[in-house]
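Here is the structure we will look at, set down as structure tokens.
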Amino acid sequence: MKLGRLSYRSLGSRLVGSYFLLIIVFLTCVGFFGLIQTNKTEIQRYENSLIYIENDYLAFSRDIQDMVLNGYTEENFFKGKGRQFNWILDRHYEKMQRRIFQIEKLNLELGLDIGDKLEELNAFNDSIFKDLKILKELLLQRGFQDNGLVGEMRNYAHQIEDNAYISPKDLLSLRRHEKDYLLRGDTVYQTKFNKLIESINQKYILEERASLTVNRYAELFNKVVALDMALGVKFNQGVYHRVVNTIESLRADLAEVIGISRSKIEEKNKINKNLLALVIGLGLSALVLFSFIMSDILSKDLNRLSFKMSGFVDNGFKYDESESPINPTILEVEKINKKFDQLAQRFQQMLKELEEAKEKAEQVSNYKSMFLANMSHEIRTPLNGIVGMVHIMKKENLTESQQRYMDVISFSADHLLSLVNMILDYSKIDAGKMELDHVDFDLKSNVEQVVGIFQPTANEKGIKLELNDNLSDEFWVSGDHIRIHQVFINLINNAIKFTNEGRVALNINLVEIVDNHANIFISVEDTGIGIPEHKISGILDAFEQSDKSTTRKFGGTGLGLTISNQLLELMGSSLQIESEPEKGSKFSFYLKLELAASKKITEIRKAVQKETRGEKLKVLVAEDNFVNQEVISIMLDQYNFDVKMVENGKEAVKEFEVSNYDLLLIDLQMPVMDGWEAVSQIRSNNKYQSNPVPLIAVTANAFLSDREKALAHGFTDFIGKPVQPDELEKALIGAELIST
């Protein structure tokens, strides 16, 4: 019993039975079709052709009648100048020609003799379509409402009414006769209309303009009547009557052709009809039986299972506890249901684990961002004192040895700053927070500047540093010039570092310009120590060098190439490496940059303080670190500013309220009150709102997001620490406190 029950519940056993029945019916149908198909095919083709052409002419007659009686009254008929009517004519004409040709061909194949009737059908067909095109032109000329002669006639009637050329009573009578004719089509109203016109011409002494208007109105009315007679829609004459008669003659000939043909094939069809009815009956019975069996087997269980799955997805991958569990009657569906329950349970567990992992990852990312921000701030703050004082000391009268000492300090500080920036850049790229800027810059000048930076280092090592390019003197493009500049610096610095003799070459090759974009091939070649082939694949990984001893011998973080490649990937490119140990390396990539308009480069000269007033410009600096106070104060003294120093945001707000200042430099992280709150209070102060002054943020937090946050908060500019003299000068120029 159990095996029998399982067998009955199996979808496979039910399908086998259904398919077996279907095969029996199908084979029976095939047998009958095999007997009748050969004899029926040619007869059916011929008979179908006759039926098609008869139906086509019936449809065509209705289309023509509808177009003539109603279609010309539609606005689109006149706007399109009857193109829709032409389309109907051409479509039917081509269809009729094909039908007649097909009948002629089948008639010859079947050996039926129907005389010259097919030639008459062709002649009638040509005559009908010629007359219909004439009919269309007459309809367009006649018009309706605001179109054609009818529209023009109405316009003249309105002119008569508007200018009161005749009495309202006479005009009303004329319009009544006009409307009666247009509605009824009886020429008696034309006679009445013309008699009234004669009476009006005798009754009124009209001016020339009025007389012309009235007579033109009458002329147009008579033209409309004449066109109606030519059309024959309202009269038993004209083009329309001729078309109708021709169609009737054609249909009569066609009916005769059909009658002759059908009489010759009727006997054959009698046999085929009985066989065909039997085949169709068996086929339909088989289809109904098969559909019933399959629907009964599958629909209920599958619908319930589908509803369960949809509910699980729509409910956020959770089961609706209010729904009762399903109990499939089909064995296979029951197995699917159990597997789905297992899958859903596992999926829910995975979702839970993913959610927990996501929360942990976000927490780690937040800790990482906080650490980087703090590290940036803590390292840049003392660097600000070192870098700032170095720039200041270099301007003093130093001995040669002192100048050399300062160069060593400056190089060490700049190197430390570059290492910090490199690690921060890698972290931002790794976190997906690096954003590219798009500005116009001169690529030619950019690469020349890079080569100029490294020329002293190359000369010191006895290496030849080359620049080979085919760019014009000014080659302006749009892109992130800082990041492109950074890639050049990383690659050339790497090449010089690992090359002890020979040369380093920066090659810039403009390949093509397409759609206002320049495709540029760039490579840096050296004759250095090279990279073993098995190490090339991992050289772009973070903190990787070709050999661990390389780090000890040449130094570096192992991030330069990684950052360069990641920056290039952000620009839609990638770094390609070719190298051979002891012979050198070649790092190359393509850049696609949008062309920009050429601009004349202006050099920023030593700034000169504006002499807009007879006193010094006053600058308020809010900075809690003593070293940074000294550095910024000395830098500002070079511009002959009157500098006031405070240690926190609260003092800055108080000082702003009691004194007038031309510029405020505010650190963001200070005790008592930070720079954010201080700027908020200053900007809300009535004194600031009546006379705004530049507010420049000075901070060791050097992320792009910090700059964007500062500008969004209300600062007018942003300077990162350590403060570079040229960056400070640029900010002062932007604040219009000094001129270029």
Inset, instruction - Give the residue, chosen from V643, V658, V653, that is surrounded by fewer than 18 Cβ atoms within 10 Å (Cβ to Cβ), assigned by the TED database to the domain that holds Q724 and of a type in the set (V, I, T). - result: V658
Inset, instruction - Output the residues belonging to the range 611-660 that are under 54 Å from the mean Cα position of the chain (by Cα), in a loop (DSSP other than H, G, I, E, B) and charged (D, E, K, R). - result: E611, E623, D624, E647
Legend entry - Total residues in the range 457-480, condition closer than 26 Å to R503 by Cα and hydroxyl-bearing (S, T, Y): 2
Inset, instruction - Considering each of I134, I160 in turn, give the residue that is at pLDDT 75 or above and assigned by the TED database to the domain that holds A255. - result: I134
Legend entry - Members of the range 639-672 that are touching a helix residue (DSSP H, G or I) at 6+ places or on another chain (Cβ under 6 Å) and small (G, A, S): G649, A652
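Can you name every residue in the range 679-731 that is in contact with a His (Cβ under 6 Å, 6 or more places away or on another chain) and aliphatic (A, V, I, L, M)? Spell out the reasoning first.
Looking only at the range 679-731, we keep the residues that are in contact with a His (Cβ under 6 Å, 6 or more places away or on another chain), and these are 700-701, 725.
If the condition is that a residue be in contact with a His (Cβ under 6 Å, 6 or more places away or on another chain) and aliphatic (A, V, I, L, M), then A700 is the only one that fits.
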Inset, instruction - Could you grab me the full set of residues in the range 434-456 that are surrounded by 15 or more Cβ atoms within 10 Å (Cβ to Cβ) and either over 28 Å from E569 (Cβ atoms) or touching a residue at least 40 places away in the same chain (Cβ under 8 Å) (or both)? - result: M434, D440, F441, D442, L443, S445, N446, V447, V450, V451, F454
Inset, instruction - State the number of residues belonging to the range 718-734 that are more than 22 Å from P382 (Cα to Cα) and crowded, with 18+ Cβ neighbours inside 10 Å. - result: 1
Inset, instruction - Determine the pairs where a residue that is over 18 Å from A505 (Cβ atoms), located within the range 579-605, has a partner that is acidic (D, E) and at pLDDT below 90 with Cβ atoms under 6 Å apart, the partner being 6 or more residues away or on another chain. - result: A596/D440; S598/E474
Inset, instruction - Return yes when Q342 is at pLDDT 70 or above and within 30 Å of L302 (Cβ to Cβ) and no when it is not. - result: yes
Inset, instruction - Could you grab me the full set of residues in the range 551-590 that are at pLDDT 85 or above, under 22 Å from I463 (Cα atoms) and not in a strand (DSSP E or B)? - result: P581, E582, K583
Legend entry - Evaluation of K105 against (1) over 50 Å from the mean Cα position of the chain (by Cα); (2) modelled with pLDDT under 70 (one fails), failing number: (2)
Legend entry - Of the criteria (1) surrounded by fewer than 15 Cβ atoms within 10 Å (Cβ to Cβ); (2) touching a residue at least 24 places away in the same chain (Cβ under 8 Å), which one E460 fails: (2)
Legend entry - Tally of residues being charged (D, E, K, R) and farther than 17 Å from N628 by Cα across the range 691-728: 5
Inset, instruction - Report whether or not T191 is without any contact (Cβ under 8 Å) to a residue 60 or more places away in the chain, surrounded by fewer than 18 Cβ atoms within 10 Å (Cβ to Cβ) and either charged (D, E, K, R) or closer than 20 Å to V214 by Cβ (or both). - result: yes
Legend entry - Selection count, the range 463-504, where residues are in contact (Cβ under 8 Å) with a residue 60 or more places away in the chain and either over 23 Å from A596 (Cα atoms) or assigned to a helix (DSSP H, G or I) (or both): 12
Legend entry - Residue within the range 152-163 that is of a type in the set (V, I, T) and over 57 Å from the mean Cα position of the chain (by Cα) present: yes
Inset, instruction - For G232, work out the one condition from (1) without any contact (Cβ under 8 Å) to a residue 24 or more places away in the chain; (2) touching a helix residue (DSSP H, G or I) at 6+ places or on another chain (Cβ under 8 Å); (3) exposed (fewer than 15 other Cβ atoms within 10 Å of the Cβ) it doesn't fulfil. - result: (3)
Inset, instruction - State whether the residues of the range 667-681 include one that is touching a strand residue (DSSP E or B) at 6+ places or on another chain (Cβ under 8 Å), in a helix (DSSP H, G or I) and farther than 18 Å from L620 by Cβ. - result: no
Inset, instruction - Kindly establish whether V225 is touching a residue at least 12 places away in the same chain (Cβ under 8 Å), of a type outside the set (S, T, N, Q) and in contact with a Leu (Cβ under 9 Å, 6 or more places away or on another chain). - result: no
Legend entry - Single condition I632 does not satisfy, out of (1) buried (at least 19 other Cβ atoms within 10 Å of the Cβ); (2) touching a Gly at 6+ places or on another chain (Cβ under 7 Å); (3) in contact (Cβ under 8 Å) with a residue 40 or more places away in the chain: (2)
Inset, instruction - Please enumerate the residues belonging to the range 713-732 that are out of contact with any Phe, Trp or Tyr (no Cβ under 8 Å at 6 or more places or on another chain) and not hydrophobic (A, V, I, L, M, F, W, C). - result: G714, T716, D717, G720, K721, P722, Q724, P725, D726, E727, E729, K730
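The values are calculated or read from the model by the stated rules, or taken from the named source; none is laboratory data. Just so it is clear, the model here is predicted, and its values are computed rather than measured. Every residue, glycine among them, receives a Cβ derived from its backbone with ideal geometry; neighbour counts consider all protein chains shown.
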